[in-house]
Structure formats: C-alpha cells, structure tokens
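The values are calculated or read from the model by the stated rules, or taken from the named source; none is laboratory data. Quantities reported herein were computed from a predicted structural model and do not represent experimental measurements. Positions of Cβ are generated from backbone atoms using ideal geometry, with glycine treated the same way; all protein chains shown enter the neighbour counts.
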Amino acid sequence: MQGEVAMDYRMLLRGWRVAVVGLVTVTLLISWPLSPGATAGVRTPSATAVGNTYGGLSAQGQPLFVDMNSTRRRVVRTVMTLELTCTSGTEFWFVDRYTDMSVTRAGKFRLSFGPFTERNDDGTTTDFQGRIAGQLNDAKTRVSGVWRVVLTDHDGAGAVTDTCDSGLVAWRAKQ
C-alpha cells in the first residue's frame, strides 16, 4: 500500500512538472517578441492596424507572421524561422525578419538583401543574403510566397569553407 501511495505521489509530481514546463514554454514563446531584449538595437516599425496580421506555417512546418498597415499597402514586419542545410552536413535554424516593404496594387511584395559580409573575431567572414516574395489573395484574407536565406563562410584567405542554404521555402498565412 505504501509503495502505491509513493508511486501516485511521483506521478502527480511528474504531472505538475510537465504542466509547469509547458506553461513556461508557452509563456516564453508568446512574450519573447514583446520583450525589450528581443528588439534591442532594432528600429521597431509603427504598429499595425487591428485585423491586418496574418499567421501561418512554412513548408518546413515553422510558424511565421506578416503584419500589414491598415491599407494593406505596406508590410510592417514579417518573421519566420528557416532550417538551413550546409555543405558540411550541419543543419540549424535561422530566424529571419523583414520590415517596411511596399505592396503593389496587385497585392505583391518582394525584397532581397546581400550579400553583406560580417567579419568574425577569428579572422573568418560570413556572407549573408536572402529574399522574400509574397502576394495577397484578391479578398486580402490570405498571403503566400517564398523565402530564402543563404550564408557563406570564408576562411581568412577568402576561400569558401561552408555554404548553408534554406532553399526556396514556400509559406502561407491567413487572418
């Protein structure tokens, strides 16, 4: 009888631990974009109008969001996590974000960057480049597009040591 009580207590304690860990994880996921550290050094665009935020998933199964202004003629901000696969065999997740993109009357937007070079402390360099393209549907209730990020590592002499690419990742989001 005493063994059963101890087992029940351990199961109850384990259940509480799982619940607390789950609650903390959800809280962090929700509050991270709102925390001061998440936007340190980043100029935050103006707030979006109510009803102009779209959320969805990428073809890699990662969440993304697109915030637009009240006229839906400007993407205020969009953020997505992409999985990059490297020629060295390494895979990792990379958070990419774009802000302040104009939207055409046809509901299309696109932006690209790079390559821009970041000098690392060990004398190596990394080139970053990426692009996004998207389009609203006619009813302006859904947005879809493609996203890509490429990172290229160079040694001190400038020779390429590794290239990491997300590939062209399709995504969809809805209100």
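Results for (1) surrounded by 10 or more Cβ atoms within 10 Å (Cβ to Cβ); (2) at pLDDT below 50; (3) under 21 Å from the mean Cα position of the chain (by Cα); (4) not in a strand (DSSP E or B), shown as yes or no for each residue.
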{"residue": "E4", "(1), (2), (3), (4)": "no, yes, no, yes"}
{"residue": "L28", "(1), (2), (3), (4)": "yes, yes, yes, yes"}
{"residue": "V50", "(1), (2), (3), (4)": "no, no, no, yes"}
{"residue": "Q60", "(1), (2), (3), (4)": "yes, no, yes, yes"}
{"residue": "V66", "(1), (2), (3), (4)": "yes, no, yes, no"}
{"residue": "L82", "(1), (2), (3), (4)": "yes, no, yes, no"}
{"residue": "S88", "(1), (2), (3), (4)": "yes, no, no, yes"}
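Just to verify a result, which residue in the stretch 125-152, among those that are aliphatic (A, V, I, L, M) and farther than 17 Å from G167 by Cβ, is modelled with the lowest pLDDT? Steps first, please.
Going residue by residue through the stretch 125-152, those that are aliphatic (A, V, I, L, M) are 132-133, 136, 139, 143, 146, 149-151.
Now drop any that are not farther than 17 Å from G167 by Cβ, which leaves 136, 139, 143.
Working: L136: 96, A139: 92, V143: 96.
Among residues in the stretch 125-152 that are aliphatic (A, V, I, L, M) and farther than 17 Å from G167 by Cβ, the one modelled with the lowest pLDDT is A139.
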Open item on the list: Going residue by residue through the stretch 94-116, is there one that turns out to be over 21 Å from the mean Cα position of the chain (by Cα), without any contact (Cβ under 8 Å) to a residue 12 or more places away in the chain and assigned to a strand (DSSP E or B)?
Closed with: no
Open item on the list: With the structure loaded, tell me whether R172 is under 30 Å from G51 (Cβ atoms), out of contact with any His (no Cβ under 8 Å at 6 or more places or on another chain) and part of a loop (DSSP other than H, G, I, E, B) or whether it fails that test.
Closed with: no
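Can you name every residue in the stretch 143-168 that is touching a Leu at 6+ places or on another chain (Cβ under 7 Å) and closer than 26 Å to M68 by Cα? Even if it seems obvious, please write down each step before you answer.
To start, the set of residues in the stretch 143-168 that are touching a Leu at 6+ places or on another chain (Cβ under 7 Å) comprises 143, 146-149, 151, 164-166.
Scanning the stretch 143-168 gives V143, V146, W147, R148, V149, S166.
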